[in-house]
Amino acid sequence: MPDSLQIALKNDSDSSNIHAYISGIAIQQGGQRCLLKANGKDLYFPQNPPSIGSPLAEDCAISLGSPGNTTTVTIPQIAGGRIWIVEDKLNFLLNPGPALVEPSVLNPSDPNANINFGFCEFTLNNDQLYANISYVDHVPRIPIGITLQQASGQTQHVAGMSPDGLDQLADSLRQQAQKDGRPWDKLIVNHDGRNLRILNATHGNAVGANFDGYYEPLIEQIWQKYQSGASMKINTQAGPGVLEGKVNSNGELVIGDETFSKPNSADVFGCNSGPFTTGSSPTRNAIIPRLAAAFHRSTLLVTEEHPSDPSTFYPQDPTNHYARLVHMVNLDGKGYAFAYDDVQPDGGEDQSGKVNAGDPVLFTVTVGGKSAGGGGGGQSAGAGQQQQPLGDQQGQGYTRGPPPPPPDQGQQEQGGLRGALKGFAGRFSH
């Protein structure tokens, strides 16, 4: 693995006012928080500010130039990284510590609340580059696609959305709200007469979209099925292998030797509370992503083997229509729509919009979506050749860190690690 990597930032929009910011943890500099400077090669390490909400001492906005232009920058090894893309510029602040206060879509008083921005996530370390398009918090108006070129000659590509992808998603969510009476339409954030972003239903309370009790009818049906003789089979894709699960006489779901209480809607949406709280048991921690994904995708009634094929995802109400429709509006159907969206059957097609390899040469972030349907060029690893997750590459099985806990509503992010790299690279972002 190289100590550094080139990132190509391509302006595929109609605007000449697009900027990028690159933030993360500098692995080779003692784990300090950093941003890449505007020159695209040096790191800026924020110093302890005199007061809360102080501005950065350095403008780290990297201009993408005119439409069609590509700006190339170089990053060192970084964990928990984000490449922020914005129409105009973003406001990063500092609190004493120093603690970097990153833009938040959940805090209406955030100075970036009415700004069109999004991000992709990455980690570059001694093992690999891992990156994904993240929709776990929100879908931005500005489309982002990613492409990874490898020394082997292979190219991995995640297309992202077309320029009108957010408007398509908004229209579909409004239709779904009319259909089932749930507040999917309230997830849409508007500004200046246009759709600005759409929040994940996990964050519905931030915009008055209450989904309390939403999954409960499905959860009751699942409990009835597996208390009445049916047996689910959870492939841990790790040492414990395939484990069977049933609901016992105490109303608890027992999978192998692990016992799970009945989740509620908040547990299912967030994947990190109630029975989905990870702990010290490796077996339980291997079950949780697959079980949480099966609840989230509403697959536990239609099949008993999990992870299941993508053709079984989101088959009935209630389900997460935000996640379902996010996949629909992305041109290749890929994108991280919830914390365990990289769960897939062995040999299955990735759904999460991730790229990863131990021999990265060039990582390209394409902004604007005008050419999103044209593909990334070259031999795609997603077509006929499956990319193996980091754990499998090292013979360790399929492992991950848990998704981080949700922040307090109305508070800005500090440290920038919430939501970062839910999947295989999650262990490096905390």
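The values are calculated or read from the model by the stated rules, or taken from the named source; none is laboratory data. Source: prediction; values computed, not measured. We place every Cβ from the backbone using ideal geometry, glycine too, and count neighbours over all the protein chains shown. The area values use the complete protein model at the heavy-atom level, side chains included, leaving out ligands, DNA and RNA. Shrake-Rupley method; radii C 1.70, N 1.55, O 1.52, S 1.80 Å.
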Practice prompt. Using a 1.4 angstrom probe on the protein heavy atoms only, line up I115, I22, I52, I27 by accessible area, largest first.
Written response: I52, I27, I115, I22
Worksheet entry | Order of exposure, largest accessible area first, which applies to D137, D332 with probe 1.4 Å | D332, D137
Item to complete: Post the alpha-carbon centroid distance, region 1-64 to region 217-259, in whole angstrom.
Response: 46 Å
Fill in: Relative contact order (%) - region 305-358, alpha-carbon pairs under 8 angstrom, separation at least six
33 percent
Item to complete: Kindly express, to the nearest 10 degrees and within the range 0 to 90, the angle between helix 282-296's C-alpha long axis and the longest C-alpha principal axis of the chain.
Response: 90 degrees
Discussion item. Tell me the per residue accessible area of the chain using a 1.4 Å probe; a whole number in Å² is fine.
Written reply: 37 Å²
Worksheet item: Roughly to the nearest percent, how much of the accessible area of the chain is carbon and sulfur, given a 1.4 Å probe?
Response: 45 percent
Worksheet item: Just the accessible area for E244, please: 1.4 Å probe, Å², rounded to the nearest 10?
Response: 110 Å²
Fill in: Hits among lysines - C-alpha to C-alpha of K41 under 19 Å, sequence gap 8 or more where chains match
K10
Discussion item. If DNA, RNA and ligands are ignored and the probe is 1.4 Å, what is the ranking of S273, S261, S280 by accessible area, most exposed first?
Written reply: S280, S261, S273
Fill in: Rounded to 10°, Cα long-axis angle of helix 216-227 versus longest principal axis of the chain
50 degrees
Worksheet, complete the sentence: In terms of the charge dipole of the chain, which places +1 on Lys and Arg and -1 on Asp and Glu at the beta carbon, the residue among T71, G373, V302 farthest towards the positive end is T71
Worksheet item: Computed over the Cα atoms, what is the radius of gyration of region 144-217 divided by 2.2 N^0.38 Å, N being its residue count?
Response: 1.49
Discussion item. Rounded, prolate or oblate, given the Cα gyration tensor of region 302-366, with a/c below 1.5 counting as rounded?
Written reply: oblate
Fill in: Alpha-carbon gyration tensor eigenvalues x 5, square-rooted, for region 95-227, Å
30, 23, 19
Discussion item. Under 19 Å between alpha carbons, and skipping anything fewer than 8 positions from K179 in its own chain: which aspartates and glutamates qualify?
Written reply: D167, D171, D212, E216, D317
Worksheet entry | Stokes-Einstein D in µm²/s, Kirkwood radius over Cα pairs - the chain at 25 °C with 0.890 mPa s viscosity | 112 µm²/s
Worksheet item: If the cut-off is a Cα-Cα distance under 17 Å, which aspartates and glutamates reach K354, setting aside same-chain residues fewer than 8 apart in sequence?
Response: E121, D127, D137, D332, D341, D342, D346, D392
Discussion item. I'd like the accessible area for E258, computed on protein heavy atoms only with a 1.4 Å probe and all protein chains in place. Round to 10 Å², please.
Written reply: 40 Å²
Fill in: Contact order normalised by residue count of region 194-316, Cα under 8 Å, 6+ apart, percent
22 percent
Discussion item. Under the √(5λ) rule applied to the eigenvalues of the Cα gyration tensor, what semi-axes describe the equivalent ellipsoid of region 5-113? Give them in Å, descending.
Written reply: 23, 18, 11
Worksheet entry | Rounded to 10°, Cα long-axis angle of helix 165-180 versus longest principal axis of the chain | 30 degrees
